[in-house]
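Beneath this line is the structure, given in structure tokens, with notes to follow.
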Amino acid sequence: MTLKNGKQYEDSIRNMNMQIYMFGEKVENPVDNPILRPSLNSVKATYELAQLPEYEDLMTTQSSLTGEKINRFTNIHKNVDDLVKKVKMQRLLGQKTASCFQRCVGMDAFNSVYSTTFEIDKSHKTDYFDRFVNFMKYVQEEDLTVDGAMTDPKGDRSLSPSKQSDPDLYLRVVERREDGVVVRGAKVHQTGICNSHEVLVMPTIAMSPEDKDYAIAFSVPVDTEGIIMIIGRQSCDTRKLENSSLDVGNSQYGGVEALTVFDNVFVPNERIFLNGETEFAGMMVERFAGYHRQSYGGCKVGVGDVLIGAAALAAEYNGAQKASHIKDKLIEMTHLNETLYSCGIACSAEGHRTESGNYIIDLLLANVCKQNVTRFPYEIARIAEDIAGGLMVTAPSEKDLKAPVIGEYINKYLQGVNGVSVEDRLKVLRLIENLTLGTAAVGYRTESMHGAGSPQAQRIMIARQGNINSKKEIAKAIAKIQK
Ligand code: SF4
Ligand code: FE
């Protein structure tokens, strides 16, 4: 089976035996947990949309490894067109879920590990590439969701992995065996790991020879013994326990992150894709980060589309849609959002072939894309809050709206334009609240800042890729400076 439908995906996650903790307790049934369920629905949407004929071209493609039709989230990019369609697919999913749909980290990890293992083998005569291709065939045939795990806790940022006071602050090999290795450590902020089948672990920074035990990449099922997930809190998360779809703003979809501990986890040899070749850790990190910085030019734009639409509706329900400043604010939001999309498309269109044969984005443009993402969603959110007005954060609950006497007061005094119910007015305000201050703000705001690397990480790459010397030369030529 190369394409799972939504139900098959849900059942496959239900059959796993993950160690998930939340509020100090083990979650025995994560699939039906009201706090976690919306995040599973977002990943499920990546399966459901792939079944629809109208999205077939964006959501599916032909595998370069097996020739079969696969979900694009498991694709090894074959050409520039694949890179462009990836961004378009992410915008679509952002529009459909208004949240982080989590499956991109795996896709970005696949493409980074694919090209990097090829180059490691060339210089070390290892067989990581073949191992990884076998793993990818399995991922594509089973249509798996894979969490790409990069970020270590990092402890004292001024010290390298092997110099930390606690050696486990970066994930490392603690035992080498004939049949594999045992690893210990943690990966933080793991997007969607509790909705994934596998976790593909990579190093988090470039490394020197003394960090050999930390230069490790591998994949294992997320219910492997020793893997423990501790779910991160989100603003307003327990509203989902109140049984009010109005009050949560987006009752169907969400994202989720977890602190993931690897407590002496065994990794068999065939699942190891980097093991001590420290000089390639940086390449793997840089490529993964580049792909994921491209991704934000799609997903955040799709969520931005929802927020712009919600702001326009809020203005309409207030009778303010014809005010010139409202029109101008919607133009500004659209301009910012489409600028992000332009960056996502540009770094894809300027992509090129790697030695392994897959395609990679233009790294400079991908980093510019993400640098803009650290800013523009904040401005789009600010304008949305401006248009929404204070009621977005002072409106009573759905229970009050539905209560016998006070409900009548609410319906009388929170009325906007004729013909729009108070309930609909509150629904759109709660959606804006969800995107700017609630559970989805993790994905739309703070993840825009820190996901795929914090702003300074992009500035370092922009400095490295910007080629100031060639710009000096062209300036000299114009100014007729000889040396
Ligand atoms: Fe995908 Fe965006 Fe979520 Fe990253 S933040 S996993 S790119 S939806
Ligand atoms: Fe992310």
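Total residues in the range 94-109 satisfying the condition of being part of a helix (DSSP H, G or I) and either within 13 Å of ligand 2 (Cβ to nearest atom) or among the hydroxyl-bearing types (S, T, Y) (or both): the figure is 8. In summary, A384 fulfils each of the numbered conditions (1) within 16 Å of ligand 1 (Cβ to nearest atom); (2) surrounded by 21 or more Cβ atoms within 10 Å (Cβ to Cβ); (3) under 21 Å from S99 (Cα atoms) with the single exception of condition (1). Pairs please, first residue from the range 85-109 and open to solvent by 10 Å² or more (accessible area, probe 1.4 Å), second anywhere and charged (D, E, K, R) and away from ligand 2 (no atom under 12 Å from the Cβ), Cβ atoms under 6 Å, 6+ apart in sequence or on different chains. Between residues of the range 85-109 that are open to solvent by 10 Å² or more (accessible area, probe 1.4 Å) and residues that are charged (D, E, K, R) and away from ligand 2 (no atom under 12 Å from the Cβ), the close pairs are Q95/D305.
Put simply, of T126, T151 the only residue that is within 16 Å of ligand 2 (Cβ to nearest atom), of a type outside the set (D, E, K, R) and surrounded by fewer than 22 Cβ atoms within 10 Å (Cβ to Cβ) is T151.
Taking each residue of the range 145-172 that is farther than 23 Å from S112 by Cβ and part of a loop (DSSP other than H, G, I, E, B) and looking for partners that are open to solvent by less than 40 Å² (accessible area, probe 1.4 Å) and of a type in the set (S, T, N, Q) with beta-carbon atoms closer than 8 Å, six or more apart or interchain, yields G155/Q164; D156/Q164. Scanning the range 271-286 for residues that are within 19 Å of E198 (Cβ to Cβ) and either in a helix (DSSP H, G or I) or under 16 Å from the mean Cα position of the chain (by Cα) (or both) gives R271, M284.
Among the residues that make up the range 452-459, is at least one of them away from ligand 2 (no atom under 16 Å from the Cβ), assigned to a helix (DSSP H, G or I) and closer than 24 Å to Y296 by Cα? Checked against the condition, which is being away from ligand 2 (no atom under 16 Å from the Cβ), assigned to a helix (DSSP H, G or I) and closer than 24 Å to Y296 by Cα, the range 452-459 yields at least one hit. Given the condition of a type in the set (V, I, T) and within 16 Å of ligand 2 (Cβ to nearest atom), answer yes or no: does some residue in the range 261-273 qualify? Looking through the range 261-273, none of the residues is of a type in the set (V, I, T) and within 16 Å of ligand 2 (Cβ to nearest atom).
The values are calculated or read from the model by the stated rules, or taken from the named source; none is laboratory data. Here the structure is a predicted model, which means the values were calculated and not measured. Positions of Cβ are generated from backbone atoms using ideal geometry, with glycine treated the same way; all protein chains shown enter the neighbour counts. When the accessible area is computed, the model is the full protein with side chains, heavy atoms only, and any ligands, DNA or RNA have been set aside. Shrake-Rupley method; radii C 1.70, N 1.55, O 1.52, S 1.80 Å.
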